[in-house]
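J.: Before I ask anything, let me first share the structure, which is written out below as structure tokens.
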């Protein structure tokens, strides 16, 4: 938890046009950033459990207590994709494994949205590992606890990727799902979650056997499965419902190969 990392900085493109900032906002919302950093970017406590620990997302605005004014775009990109903060220190419970493959362009648009957002004065919430959280991390059950440990920091980042109905793009979108559904996307207990949270569903081809492309997309958009049952917390369908048709169709194509 106290280990430091040396990450090579990569130049991040700058975006100022309203259309690009709007895409950055959609990325923020659809990739679940608000689940930990709140809808306004000011941060929120997303786990508060005596055994697992207390974890709060950072204030990503330029207000008092926020980190935005003290970070360059390149430093923010390292935090997003590598799970590493200031002075090379690992960020706790930052799910960078979901974002390590994000393109330079998408990261740039996401950061452009953050820089365009109103400042919110709010101090950083508590960030403390509990005894069970530490134990589960030590035995490898919570990789996201220190995601920097499992990320290839030497990998080259794509400059951009063209949205298309392809396996490549579907895999790109699917990285958003690994934090809860696991690297294999076959579900199971959600890493670091309190015991009352239900396990994540298997979203491989077998797990989605009762879905068609159409009902899969409808489920993500409405929160209701084909059998009429509702998806419950912590499934962030409201966020994922903001994925584009191309993203969801490409995701479906990729999941069918697993």
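The values are calculated or read from the model by the stated rules, or taken from the named source; none is laboratory data. Just so you know, these numbers come straight off a predicted model, no measurement behind them. A quick note on method: Cβ atoms are made from the backbone with ideal geometry, for glycine too, and the neighbour counts reach across all protein chains shown.
J.: Scan 65, 57, 101, 53 and give me the residue that is in contact with a strand residue (DSSP E or B) (Cβ under 6 Å, 6 or more places away or on another chain) and assigned by TED's automatic domain parsing to the domain that holds residue 132.
T.: 53
J.: Quick check on my filter: what residues within segment 198-219 are surrounded by 16 or more Cβ atoms within 10 Å (Cβ to Cβ) and under 23 Å from residue 48 (Cα atoms)?
T.: Across segment 198-219, the qualifying residue is only 200.
J.: Considering only segment 50-76, how many residues are closer than 23 Å to residue 177 by Cα and surrounded by fewer than 17 Cβ atoms within 10 Å (Cβ to Cβ)?
T.: The qualifying residues number 0.
J.: Having 1 or more residues that are within 20 Å of the chain's Cα centre (by Cα), within 22 Å of residue 37 (Cβ to Cβ) and at pLDDT 90 or above is the bar; report the helices (runs of 4 or more DSSP H) wholly within segment 131-249 that clear it.
T.: Helices (runs of 4 or more DSSP H) meeting the threshold: 167-174, 178-181, 213-222, 237-240.
J.: Here's something else I'd like to know. Do you know which residues across segment 150-192 are without any contact (Cβ under 8 Å) to a residue 24 or more places away in the chain, surrounded by 15 or more Cβ atoms within 10 Å (Cβ to Cβ) and at positive phi?
T.: Of everything in segment 150-192, those that are without any contact (Cβ under 8 Å) to a residue 24 or more places away in the chain, surrounded by 15 or more Cβ atoms within 10 Å (Cβ to Cβ) and at positive phi turn out to be 182, 187.
J.: Okay, next question. When residue 9 is evaluated against the numbered criteria (1) crowded, with 19+ Cβ neighbours inside 10 Å; (2) not in a helix (DSSP H, G or I), which criterion, by number, is the only one it fails?
T.: Failing condition for residue 9: (1).
J.: I've got another one for you. Among the residues of segment 77-95, is there at least one that is surrounded by fewer than 18 Cβ atoms within 10 Å (Cβ to Cβ), touching a strand residue (DSSP E or B) at 6+ places or on another chain (Cβ under 9 Å) and either at positive phi or assigned by TED's automatic domain parsing to the domain that holds residue 197 (or both)?
T.: Taking every residue of segment 77-95 in turn, at least one turns out to be surrounded by fewer than 18 Cβ atoms within 10 Å (Cβ to Cβ), touching a strand residue (DSSP E or B) at 6+ places or on another chain (Cβ under 9 Å) and either at positive phi or assigned by TED's automatic domain parsing to the domain that holds residue 197 (or both).
J.: Could I ask something else about it? Looking at 109, 171, which one is closer than 22 Å to residue 8 by Cα and in contact with a helix residue (DSSP H, G or I) (Cβ under 8 Å, 6 or more places away or on another chain)?
T.: 109
J.: Only one of 83, 101, 125 is within 16 Å of residue 57 (Cα to Cα) and in contact with a helix residue (DSSP H, G or I) (Cβ under 6 Å, 6 or more places away or on another chain); which?
T.: Just one listed residue meets the conditions, 83.
J.: Something else: Does residue 35 fit the bill of being surrounded by fewer than 19 Cβ atoms within 10 Å (Cβ to Cβ), closer than 22 Å to residue 192 by Cα and touching a residue at least 40 places away in the same chain (Cβ under 8 Å)?
T.: yes
J.: On the given criteria, is residue 230 farther than 17 Å from residue 98 by Cα and touching a strand residue (DSSP E or B) at 6+ places or on another chain (Cβ under 9 Å)?
T.: yes
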